[in-house]
Amino acid sequence: MSNTSIQPGSVTFIKNVKAATMTDATLGLIDDAAIVAQHGVIRWIGKENALPMEFQHLVLAAEERQDVTMIDGRGMLATPALTDCHTHLVWAGSRANEFRQRLHGASYQEIAAKGGGILSTVKATREASEAALFDMSLPRAKALLSQGVAHIEIKSGYGLRLEDELKQLRVARRIGESLPLRVSTTLLAAHALPPEYADDSDGYIDYVVRDILPAAANEGLVDAVDVFCENIGFSREQTDRVFRAAQQLGLPVKLHAEQLSDQDGSALLASYQGLSADHLEYLSDKGIRAMADAGSVAVLLPGAFYFLRETKLPPIQALRDAKVPIAIATDANPGSSPLVHLPLMMHFACTLFQLTPEEAWLGVTKHAAAALGDHQQGTLAVDQRADIALWDLDSPEAICYQFGINPLRHLLIGGKQVSKDQLT
Ligand code: NIG
Ligand code: FE
């Protein structure tokens, strides 16, 4: 047995776990599994009693150098760490008053038409300093981290003018620098019409593609571009203009699509090979076919469905039949989903959308990573990043079934163990 693969560098050895690798539709379960990680990536995973000699040597050599993290999982469930692939978690202010109005019968659309809704959060977010916005937003990201989330997407869209869109995105980047988790940023300048352009939505789109998008991209603040394509948002044609500008800058696109009505936005997204179309309650068969052909992910947001007390379900069975990958996310935002809890979304995905627990798991791991264009994460497999969660759960479905007790026991991100302090 050659020792060529024994290289210095800290090693993580996890043994005695039941691994749910997420490599197939039944979650790729391995009983009595072990995982070896080094240099931030998984180097070996399999049945513990089949650990090859070279990896036994690798672990022993690291032990001698005292450069090893050993974790005895005592039969716990090991999964990829979670990904929350759709959030708006950088915001200021509160919309509790609108919650009360909706309980008295006002609709989300009516509140938006009266200048509330997204625009009320825009006002508060513009007024907040960058430092204050960071302080308000950080606890939301910390909450997700404590639930086993290693990768969060954060959208702008509460600035709606250059300086405030940049402010939001900088805060998002700073969150990624301040916590051990990874942040992907999405520019959602085309989220609502700001007061300065109240009667000129085409003029605002001009401003987005001419000024906001290039400046934000230039600062390295944009990993993807999103639009709210809706009768209370932007038209399909306006969405197309933003997508074209994104494409010219080499940026992938995503879309808030068919949430409140069918705008045929998902087919447009698919024509750009977009990463994901999100919400999708009103998605048509045509949209499903286009997404299946393009390989775009369907991101379902059961928190918004629940909080807005929607009744129209996304076309789950048709998405399954067409083999469109389904992801699940929190949509954490102050208006339609003030619910910063990804395992709760897994629970809702099962109870409200009748996803299976297996679909819910794939939706917050493999498919959520794909919705961010991240193919180095989302499964437990060789060469994937060592983003690993250990749960005190008897079976994968237990996380969807019970709610209220945090079963996370260990979280590794890039092979490094997140400290207990950071998980509370
Ligand atoms: O994903 N639909 C548009 N955007 C958000 C809601 C934003 C808000 O109400 O503040 C969503 O539901
Ligand atoms: Fe959203």
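The values are calculated or read from the model by the stated rules, or taken from the named source; none is laboratory data. It should be emphasised that the depicted structure is a prediction, and the values quoted were computed from it without experimental measurement. Glycine gets a Cβ as well: all are built from the backbone with ideal geometry, and neighbour counts include every protein chain shown. Just so you know, the surface numbers come from the protein's heavy atoms only, side chains and all, with ligands and any DNA or RNA stripped out. Shrake-Rupley method; radii C 1.70, N 1.55, O 1.52, S 1.80 Å.
Projected label points at Ala50 and Arg320, each 7 Å from Cα along the beta carbon direction, are separated by 3.0 nanometres. Put +1 on the Cβ of every Lys and Arg and -1 on every Asp and Glu Cβ in the range 357-414; which of Trp361, Pro396, Asn406 then has its Cα farthest towards the positive end of the dipole? It is Asn406, whose Cα lies furthest towards the positive end.
Rolling a 1.4 Å probe over the heavy atoms of the protein chains gives the chain an accessible area of 39 Å² per residue.
Every Cα-Cα pair of the range 296-423 was included, and the share exceeding 25 Å stands at 26 percent. With the convex hull drawn around the C-alpha atoms of the chain, the volume per residue stands at 141 Å³. Lysine pair count for the range 82-371 (Cα-Cα distance under 23 Å; residues 8 or more apart in sequence or on different chains): 18. Ranking Gln147, Leu166, Ser120 by how far each Cα lies toward the positive end of the dipole of the range 110-258 (charges on Cβ) leaves Gln147 at the top. Convex hull volume of the C-alpha atoms in the range 229-296, normalised per residue: 64 Å³. Each peptide among 246-253, 348-355, 300-307, 327-334 gets the average number of other Cβ atoms lying within 10 Å of its residues, and from highest to lowest they stand as 327-334, 300-307, 348-355, 246-253. Share of Cα-Cα pairs in the range 13-78 beyond 21 Å, in percent? Of the Cα pairs, 21 percent sit more than 21 Å apart. Rounded to 0.05, the FRET efficiency of the Ala131 and Ser107 pair, given R0 = 51 Å and the Cβ-Cβ distance, is 0.90.
In this structure the amide hydrogen of Val149, modeled in the peptide plane, comes within under 5 Å of the amide hydrogens of Leu82, none closer than 5 places in sequence on its chain. So, with a 1.4 angstrom probe, what is the percent of accessible area on the chain that is carbon and sulfur? With neighbouring chains kept in place, the figure for the chain is 49 percent.
The charge dipole of the chain, taken about its Cα centre with unit charges on the Cβ of Lys, Arg, Asp and Glu (plus for the first two, minus for the last two), comes to roughly 540 debye.
Positive end of the dipole of the chain (Cβ unit charges, origin at the Cα centre): among Phe228, Ala318, Ser94, the Cα lying farthest that way belongs to Ser94.
Expressed to the nearest 5 percent, the antiparallel share of DSSP beta bridges inside the range 82-371 is 5 percent. Charge dipole of the range 57-97 (Cα centre as origin; +1 on each Lys and Arg Cβ, -1 on each Asp and Glu Cβ, all else neutral): 320 debye, rounded to the nearest 20.
Using alpha carbons only, the radius of gyration of the range 51-154 set against its Kirkwood radius gives Rg/Rh = 1.27.
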